[in-house]
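Undergrad: Sharing a structure here in structure tokens format.
The values are calculated or read from the model by the stated rules, or taken from the named source; none is laboratory data. This one's a predicted model, so the numbers in the text were calculated from it and none came from an experiment. Neighbour counts run over all protein chains shown; Cβ positions are idealised from the backbone, glycine included. Side chains are part of the model used for accessible areas, which takes the heavy atoms of the whole protein and leaves out ligands, DNA and RNA. Shrake-Rupley method; radii C 1.70, N 1.55, O 1.52, S 1.80 Å.
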Amino acid sequence: MGLFDYFEEKRKEVARRKRLEDAGKVVTGASLGALLGLLFAPKSGKETREEIAEKAKETADNVGAISKDAAEEIQVKAQQAGEQVKKTYADLKDKLGEKKSELDENVAVAKSKAEAIGDIVKASAEDIKEEVKDTADDVKKSAEEVKEDLKEGAKEVKEKSEEASEEIDKELNE
């Protein structure tokens, strides 16, 4: 039974209580009517007093019985409402525990995924760093090779220009 059922029970209980009050009013009215009827009846005083006493006792018994029934019903309904509140509280507490467990599991999964991503990023960063270092070494080697090639080329150009210069000098001298 949920919270809405609980409120519906409370509404029904109030309606029952109202009906019991109305029934008590009817019994009281009937008793008063009977009492007034006795007072105005053409009987002797002793008979009338006996009847009044008897009707008063009946009315008191009726009112006592109705009150007792109403009190018992109210007590039963109050106990049922208390039990329902306890049950609802226990249900809510259980659901809260389940949701907390789910949240804890989701947090643990998220943490492990974040750690895995962090490890991947760290490994990738180290790989990239190594690749950059290797590329820098390759560029340095290539630069040295180009430098050597340029030196050799310059040397060759120098030698050829010296040879050409000597040939030009020879030809000019001839």
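Undergrad: Rounded to the nearest angstrom and ordered from largest down, what semi-axes does the equivalent ellipsoid of segment 49-89 get from its C-alpha gyration tensor (root of 5λ)?
TA: Semi-axes, largest first: 39, 4, 4 Å.
Undergrad: Starting from 0.36 nm per residue, how many nanometres of slack lie between Tyr6 and Thr88 once their C-alpha separation is accounted for?
TA: 28.6 nm
Undergrad: Can you match volume of the Cα convex hull per residue in Å³ to one of these, (1) 121; (2) 113; (3) 145, based on a calculation from the structure here?
TA: (3)
Undergrad: Now for a different question. Considering only the other residues whose Cβ falls under 13 Å of the Cβ of Glu9, what net charge follows from Lys and Arg at +1 and Asp and Glu at -1?
TA: +2
Undergrad: Any idea what angle helix 45-173 forms with the longest principal axis of the chain, computed on alpha-carbon atoms, 0 to 90 degrees, nearest 10?
TA: Helix 45-173 sits at roughly 0 degrees to that axis.
Undergrad: I would also like to ask the following. Just name one of Val26, Phe7, Ile74: the one whose Cα is farthest towards the positive end of the charge dipole of segment 1-131 (beta-carbon charges, Lys/Arg +1, Asp/Glu -1).
TA: The one lying farthest along the dipole's positive direction is Val26.
Undergrad: Still on this model: In Å², and per residue, what accessible area does the chain have when probed at 1.4 Å with the other protein chains present? Intermediate results must be reported in sequence, preceding the final value.
TA: Numbers: 14600 Å² over 174 residues.
It amounts to 84 Å² per residue over the chain.
Undergrad: When the accessible area of segment 114-174 is split by element with a 1.4 Å probe, what percent falls to carbon and sulfur?
TA: Ligands and nucleic acids excluded, carbon and sulfur reach 54 percent.
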